[in-house]
1. Pairs please, first residue from region 606-623 and free of Cβ contacts under 8 Å to residues at least 60 places away in the same chain and hydroxyl-bearing (Ser, Thr, Tyr), second anywhere and open to solvent by 30 Å² or more (accessible area, probe 1.4 Å) and in a strand (DSSP E or B), Cβ atoms under 7 Å, 6+ apart in sequence or on different chains.
2. Please specify each residue of region 489-519 satisfying the condition of being among the hydroxyl-bearing types (Ser, Thr, Tyr) and outside any strand (DSSP E or B).
3. Quick one: which of Phe623, Phe619 is over 14 Å from Asn669 (Cβ atoms), within 30 Å of the chain's Cα centre (by Cα) and not hydroxyl-bearing (Ser, Thr, Tyr)?
4. I'd like the full set of residues that are open to solvent by 20 Å² or more (accessible area, probe 1.4 Å) and not in a loop (DSSP other than H, G, I, E, B), limited to region 691-706.
5. Output the number of the condition that Gly375 fails; it satisfies all remaining conditions of (1) small (Gly, Ala, Ser); (2) open to solvent by 20 Å² or more (accessible area, probe 1.4 Å); (3) touching a residue at least 12 places away in the same chain (Cβ under 8 Å); (4) under 21 Å from Gln408 (Cα atoms).
6. Conditions first: (1) among the hydrophobic types (A, V, I, L, M, F, W, C); (2) under 19 Å from Arg176 (Cβ atoms); (3) in contact with a helix residue (DSSP H, G or I) (Cβ under 7 Å, 6 or more places away or on another chain). Ile112 passes all but one, so which condition is the exception?
7. Being part of a strand (DSSP E or B), at pLDDT below 85 and surrounded by 14 or more Cβ atoms within 10 Å (Cβ to Cβ): is that true of Trp766 here?
8. What's the number of the only condition in (1) small (Gly, Ala, Ser); (2) open to solvent by 30 Å² or more (accessible area, probe 1.4 Å); (3) out of contact with any strand residue (DSSP E or B) (no Cβ under 7 Å at 6 or more places or on another chain) that Ala306 fails to meet?
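The values are calculated or read from the model by the stated rules, or taken from the named source; none is laboratory data. Keep in mind that what you see is a predicted model, and the values were worked out from it rather than measured. Ideal geometry is used to build each Cβ from the backbone, glycine not excepted, and the neighbour counts take in all protein chains shown. Surface areas here come from the heavy atoms of the whole protein model, side chains and all, with no ligands, DNA or RNA. Shrake-Rupley method; radii C 1.70, N 1.55, O 1.52, S 1.80 Å.
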Amino acid sequence: MVDKVVRALARLGWFASIQVEASSSTAPSLLTPENSKRVALIFHLEEFSFLSKVDYSGSRLLTPKQLEKMLEDKKLAPGLGKPADPAALQSIAFAIRAALNGLGHPDAGVRITREEAANATVRVRFEITDGPLLRVRRVVFDGHPGLSAKLLRAQMHNVAPWKPLASWRGKNAYTREAFEEDRQRILTCYQDHGFPEARVGVARVATAKEVSRRWLPWPHKSAATGLIVYIPVEAGPFYQFKSIAATAALQQAAKKSGRSPANLSELDESRAFSQQEIDKHRRAWMARIQTRNTGPDSLPASSVDAIRSFNPEDHTVRVTFDLSDSPPYIVQRIEFLGLHKFSDRYVRRRILLREGHAVDEPALEAGLLRLARTGYFKPIHKEDIHFQLDESTHTAKVSIRLREIGQQRATLSGGTGQFGSTLGIAYTVFDLLNREELLSAQMDGGPESLQIALGLAKEGIFGTRASLAFSIFNNVVRPRFATSAKGPFFTSHTEGISIPWTYPLSDSDLLGVNFVLSRATSEYPLGTSAGLTSLPPLDVRSQLSSHSLGIGWAHDTGNERFSFSNSASGGWLGGGVNLVRSSAEYSRVFRDPFFAPTNAWAFRTTFSGAASYRGDMPFYARFFSADELVRGLRPGELGPYAHTLTAAGSGATIPSASPAGANLLSAANAEYRIPLGGGAQAASFFDLGSGLLLPNWLGPTRPLLLSATNGALHGSAGIELRWTVPGVQVPVRAYYAVNVLRLDRFISLSDKSRFFAHNRFSAFGWGLGSLF
């Protein structure tokens, strides 16, 4: 009892020392008999002084405001008016020193000084010594690596001075914590390349002078002092698979659950031993033995063991997959480490693993993947997950270390769309109102368009898995088609609100409903042809309101995606636009089974259609697609051309042709992707696409189309380079395309006029974000 009381007092953090003295007592007590022996307990307490002020001095790299913000983010900020706990102050000193180490100052030091006052208060000063700047110049693998230094360096994400912009990204600074993460990745790489007995020791850091050549202000050689990191490595013997099999009991369990047995042909014999391949096939077997239609709270019937038998004589491995004899472990506790800005509830709701239920590795992986897709956490690796198993009770304690990126994010957006190239920025803030909400602002602009949007989104609405959002948008479009007569032909200004609702049907399926209220104002130049704009020639300004309701479904497994959406406006919904829209898209990415398993094939097919069921379709509602479907095309070139009339200075009308847009689009894309390292990727591609403008879908007023351009098949082939920008994690694309199927012919407009329908033979292009 006394021990519990002392520990409870110590947890308060108020006392520097606690001592308990027991002595016999003769004082009368009403609770004990007269002849009983009584003891008096005397607690000797020494209080901490109260913290009155905290100062930071000596650092030229970190200002006091930066230090205060850093400590607040790590929940280490000293509390003024509270007891000055030396352990808490020492934790602050360690955090400051670790921050300086991460900036390339391994010899940084922090000294704590205290100024006690007579009123039981104390003033604390952190005297900081930055130390010299010592950046990592080289990383050397000592011993018998067995693998190439290039492959081993690729596993090092933290201590990597060879990476682009390493000094700006903190990749050329050495800390023990950063190296430990890289060491685990190197060990995993060895286990996946045939070296299960590999050992990676503690790094040895030495100071040395490196001579480098500099070009500014004139070419000269300069000697700089830096660090050389020596990593001892012993690869051990190289092992290969000799046989891979599954027991009859496991195959029977898979058939009983209604699923076919796992295909072990991918895990070929005589291949290098790979723990990653074994784990992948073990998870595949576990998924096949689970019964169908099981809820998240159901217990798995059994688990799968991968039995590995190593033969040290011929260095081969026999792998056998079998049903586990032991019952599944029950999750006793799930602990999340490293949370500073996000609540435990926010993370726990996205992890499918539940306390009190069986350990389900596929569910845990799916939950962690869902958490990583939020963009607020760094990628979660295998070494970040720790299981503590209790064999006696058959329970497991799970701890997951998370590394937050932050509640605020700024990302680049833009690329090439229907109306030219755009470049923009998106800014998001999470949990600003402490309601787990997401506030966002985005602006994209270019020579022909401007888009502004403000949004508010909330997950877990009304205690369900659904998400509800509300956004306000304002778009301006003023296209100038390069291959047509001089524009612009119209200016469209659209403003409105959007209310999307989404509900996850499963880990890979998402159902969405969207309601949009908008008002579009379009202006056309005087004398615009009625056949082009679907408006009377004298009507140079129009206002239309649209009330639309859409529903969509998406299936995304990471390597395969299928989406389908439909929307309708007008009718009983109200508004002056009566349209029906539909779109579908399918894409798939899979490893190359023929040439190199690190490369990949990617395919996409897409379809879009829009039609008016009452009245005229607005001109801005048509599709003016370009290189987002077929790379190498300019805006409007995928669709047909329409016959138009332009007024000359003399007052005469001159026949010409302009892009008319399309209301039915289809396209297909094929790519072969090759990773280059450093976040770069190369791809060869072939695109096919066609655009149709069906007059019956436009309403009463229809343009006069050039039939030879309506539904023409376009195709391009070329190469594309992609690089994921560090920090913002946005791919930048640059491509060169050759239009192998293109328009290149003269079309007669009148007896005295001809139009040259021509697509350029080749083109360079760029974009932000993945195409698919």
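1. Here the result reads Ser608/Ser583; Ser608/Phe623; Tyr613/Val580, each pair linking region 606-623 to a residue that is open to solvent by 30 Å² or more (accessible area, probe 1.4 Å) and in a strand (DSSP E or B).
2. Those that are among the hydroxyl-bearing types (Ser, Thr, Tyr) and outside any strand (DSSP E or B): Ser506, Ser508.
3. So the residue among Phe623, Phe619 that is over 14 Å from Asn669 (Cβ atoms), within 30 Å of the chain's Cα centre (by Cα) and not hydroxyl-bearing (Ser, Thr, Tyr) is Phe623.
4. Passing the criteria: Leu692, Pro695, Asn696, Trp697, Leu705.
5. With (1) small (Gly, Ala, Ser); (2) open to solvent by 20 Å² or more (accessible area, probe 1.4 Å); (3) touching a residue at least 12 places away in the same chain (Cβ under 8 Å); (4) under 21 Å from Gln408 (Cα atoms) applied to Gly375, the lone miss is (2).
6. So the condition that Ile112 fails would be (2).
7. Against the criterion (part of a strand (DSSP E or B), at pLDDT below 85 and surrounded by 14 or more Cβ atoms within 10 Å (Cβ to Cβ)), Trp766 qualifies.
8. (3)
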